[in-house]
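Quick notes on the structure that follows.
The values are calculated or read from the model by the stated rules, or taken from the named source; none is laboratory data. If you're wondering where the values come from, they're calculated on a predicted model, not measured in any experiment. We place every Cβ from the backbone using ideal geometry, glycine too, and count neighbours over all the protein chains shown. All accessible areas refer to the heavy atoms of the entire protein, side chains included, with ligands and DNA or RNA removed. Shrake-Rupley method; radii C 1.70, N 1.55, O 1.52, S 1.80 Å.
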Amino acid sequence: MRRVTDYDAVAARYDLRYCHYDYQAIRDALSAFLGAAPLPAILEVGCGTGHWLRAMAGRAGRVAGIDLSAEMIGRAIGSGATLVRARAEALPWAGQVFDRLVCVNALHHFTDRDAFFAEARRVLTPGGGLLSVGLDSHADRDTWWVYDYFPETRSIDLARYPAVRTLRGELVRAGFSWSESCEVGVFEDVVSAADALDRGLVSRHFSSQLAVLSDDEFDAGVARIRDGMAEAAKEGRELTLASELHLFSITGWL
């Protein structure tokens, strides 16, 4: 069964991630993709609370964002972008209206990537481009405390995150002239387990991986962390939670 994140439920504390991790690598990839000269129109699909819409303010005469979650869209108000609640697989615009389409850490939530890529091609102008940034669980390069203490999340991510090579093939199949991919950065972090619990990092709001777990799965993972803290304390040390997550970009051009 496909696990689906309820973003209406997690929207209130979604932006906690932007205070914890350094997203400079994504900002750099986004800036390079958009280019130096202002563009006529940019669309972000899966815009969430509007973090990246705000980062793109001033980069185009028109910036628009869509998301399926009403709560997330509500928090994107004030980003300066045109906001629409819609599905990625049915973009509510006429053809050839956007010069660039951006999708940051969202593609794995779409129910039909082929339909989305076809829609992206339809709304992009000739010579336009699509940029997607996200994880590639199939590269087997990530280490993450979430996978360690909530083991169900690893298989969930393998099921929902497509391999980079798969995405490049899907872009070509959708009619993009060519595609390219590269690693754009790494999230690296070490935090004490106690601090993570106090700051709400061990919560359903912090990542979609935790948000999709059942109550029993989530509670069991929290118990594993607390047990690990108790064992570490007996040995006179502090339990830490480590992250090393590799981010990849996939770009398609018409």
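Each part gets one Cα centre, and for the stretch 176-205 versus the stretch 66-95 those centres are 24 Å apart.
Estimated at 0.36 nm per residue, the fully extended path between ALA94 and ASP114 surpasses their Cα-Cα distance by 5.3 nm.
Between LEU68, GLY252, GLY128, the Cα set farthest toward the positive side of the dipole of the chain (charges on each charged residue's Cβ, about the Cα centre) is that of GLY128. Per-residue ellipticity at 222 nm from helix content only, as computed over the chain with -39500 (n - 2.57) for each DSSP H run of at least four residues, stands at -10500 deg cm²/dmol. Projecting the Cα atoms of PHE98, THR153, GLY185 onto the charge dipole of the stretch 96-215, computed from C-beta unit charges around the Cα centre, puts PHE98 farthest toward the positive end.
Evaluating 6.51 cos²θ - 1.76 cosθ + 1.60 at θ = phi - 60° for every residue in the stretch 68-78, the Karplus couplings come out as 7, 8, 5, 5, 5, 4, x, 7, 8, 4, x Hz, glycine and proline recorded as x.
Principal-axis analysis of the Cα atoms of the chain puts helix 215-234 at an angle of about 50° to the longest axis. Among ASP112, ASP140, ASP227, the order of accessible area from largest down is ASP140, ASP227, ASP112, computed with a 1.4 Å probe on protein heavy atoms. At most 15 other Cβ atoms within 10 Å plus a DSSP loop assignment makes a site exposed; report the longest stretch of the chain without any exposed GluC sites (Glu not before Pro). The reported range is 1-234.
Relative to the longest principal axis of the Cα atoms of the chain, the long axis of helix 113-123 lies at roughly 40 degrees. The length gained by stretching the chain between ALA159 and ASP195 to full extension, at 0.36 nm per residue less their Cα-Cα distance, is 9.9 nm.
Shape analysis of the stretch 13-135 yields a ratio of the Cα radius of gyration to the Kirkwood radius, Rg/Rh, of 0.93. Working note: Cα gyration tensor of the chain, eigenvalues times five, square-rooted, sorted largest first, giving semi-axes of 34, 18, 17 Å.
Each residue of the stretch 31-39 was assigned a 3J(HN,Hα) from its phi angle through the Karplus expression (A = 6.51, B = -1.76, C = 1.60, θ = phi - 60°), giving 5, 5, 5, 6, x, 7, 7, x, 9 Hz with x at Gly and Pro.
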